[in-house]
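This report concerns only the one structure given below.
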Amino acid sequence: MSPDRLVYMANQIGKFFESQRADEVVPGIANHIRKFWDPRMREAIFAYMDAGGEGIDPPVREALDKLKEQAGQPHHERTTLSSSFQGT
């Protein structure tokens, strides 16, 4: 997928979350991208950000920075997913 398309999609997600409470905007964007974007899409937009990230809206950039930081933590998503099934 082209970087332009990924930026467009990420910014559209950001526009959706603009109507949420201020403290929910960045976490909402990050959570949506983490849950619904393929890892290859996330890696591609991270690479685009590393190259300058032109056109990414500020709250989206902040959310992507948080995701990129979390991606450096091994097994973050796997731990979250497995713990959600405990006690069922």
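Observations
- Scanning the stretch 15-46 for residues being assigned to a helix (DSSP H, G or I) and either of a type in the set (K, R) or surrounded by 12 or more Cβ atoms within 10 Å (Cβ to Cβ) (or both) gives a total of 22.
- Whichever residue in the stretch 1-14 is small (G, A, S) and in contact (Cβ under 8 Å) with a residue 12 or more places away in the chain and, among such residues, is surrounded by the fewest Cβ atoms within 10 Å (Cβ to Cβ): G14
- Residue within the stretch 65-86 that is at pLDDT 95 or above and of a type in the set (F, W, Y) present: no
The values are calculated or read from the model by the stated rules, or taken from the named source; none is laboratory data. These numbers were taken from a predicted model, which means no experiment stands behind them. Neighbour counts run over all protein chains shown; Cβ positions are idealised from the backbone, glycine included.
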